[in-house]
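Some notes on the structure that comes next.
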Amino acid sequence: MFPFISKTWNPVAGECSHKCVGCWARAYAERLKFKKYQGQPRIDEKQINYTFKKGDFVFVQDMTDLFADNVPREVILRVLDQIGKSSDAKFLLLTKNPKRYYDVLPHIPENCVLGATIESNRIEPRISKAQDRYERIHTMLYLREMTDFQLFVSVEPIMEFDLDYFAVALGKWLRLWAVAVGYDNYGNGFPEPQLSKTMQLIDKLESMGIKVYRKTLREAAAGTIF
């Protein structure tokens, strides 16, 4: 989990439509036979009205993607409405489908940080059915131009990238509140950059004044399945 997060909150049940290779949440739910995370996305009535304390920083929906294409708009709106009622807390929204932010932008409360998982600037359709990573960068750029929300990017699990472009996109274009960077923890065989290259990316971002949260940092795996 990100070190600044104090709580996680999963007010939506069901499985998102991304079908990402190596999805830890899907594997966890299947292993433990959690029916909550099977089927179509829907409100979990036992969780939606959870009360948060002043100062809480809440990661919303770490088990599925709240903004996946198969999540009904009314489900998203109900979650956002509940967030707005918890004005003393702060909430991280994180998605691989940031284009759906536009569907509900007028309804997103001010106590939200808008986040996107962007593992690389390179397109790799075999890994996920989510919005491709290059488009995610430009979607977040439009959000930066349109809104005053704090923006966050998770580069996890990091995959092979183009150093100069990725650093400029994250650091100068998006003017992010923070970035998290980390390698895959589950042996999925993703195409990984050398650790020295990842450290160059971190150094470039920090030199631009971007706060970088270091997650799992290790040498790249010897081989990939992609």
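Derivation of every value follows stated rules applied to the coordinates shown; laboratory data play no part. Remember, it's a predicted structure, so these values are computed and weren't measured experimentally. For neighbour counting, all protein chains shown are included, and Cβ atoms are generated from backbone atoms with ideal geometry for every residue, glycine included.
With R₀ set to 25 Å, the beta-carbon distance separating residue 197 from residue 172 gives a calculated FRET efficiency near 0.85. What does the charge dipole of the range 5-102 about its Cα centre add up to, to the nearest 20 debye, if the Cβ of each Lys and Arg holds +1 and the Cβ of each Asp and Glu holds -1? The dipole of the range 5-102 has a size of about 120 debye.
Site pair residue 4 and residue 123 shows an inter-label distance of 3.2 nm when each label is modelled 7 Å from Cα along Cα→Cβ.
Using 0.36 nm per residue, how much length does the chain from residue 102 to residue 208 gain when fully extended, once their Cα-Cα distance is taken away? Intermediate values should be presented prior to the final figure.
On the way: separation 106, 0.36 × 106 = 38.16 nm, distance 2.77 nm.
Net length gain for the segment: 35.4 nm.
Report the local net charge at residue 88: Lys and Arg +1, Asp and Glu -1, summed over other residues whose C-beta lies under 15 Å from its C-beta. Summing Lys/Arg as +1 and Asp/Glu as -1 gives +3. Computed over every Cα-Cα pair of the chain and binned at 10 Å starting from 0, the pair-distance distribution P(r) comes out as 8, 33, 38, 18, 2 percent. Each Lys and Arg Cβ is given +1 and each Asp and Glu Cβ -1; about its Cα centre, the chain then shows a dipole of about 500 debye. Electrostatic tally near residue 216: other residues with Cβ closer than 15 Å to its Cβ, Lys and Arg +1, Asp and Glu -1, net -2.
FRET efficiency for the pair residue 31 and residue 185, taken as 1/(1 + (r/R0)^6) with r the Cβ-Cβ distance and R0 = 22 Å, rounds to 0.90.
Counting other Cβ atoms within 10 Å as a rough exposure proxy, the listed residues 196, 120, 17 run 196, 17, 120 from fewest neighbours to most. Beta bridges assigned by DSSP with both partners in the range 1-121 are antiparallel in approximately 15 percent of cases. In the chain, the calculated helix contribution to ellipticity at 222 nm averages -7500 deg cm²/dmol per residue, counting -39,500 (n - 2.57) for every DSSP H run with n ≥ 4. Toward the positive end of the charge dipole of the range 7-214, with +1 on the Cβ of Lys and Arg and -1 on the Cβ of Asp and Glu, the farthest Cα among 212, 150, 108 is that of 108.
Extension gain for residue 81-residue 219 works out to 45.4 nm (0.36 nm per residue, less the C-alpha to C-alpha distance). The Cβ shell under 12 Å around residue 47 holds other residues with a net charge of +3, Lys and Arg each +1, Asp and Glu each -1.
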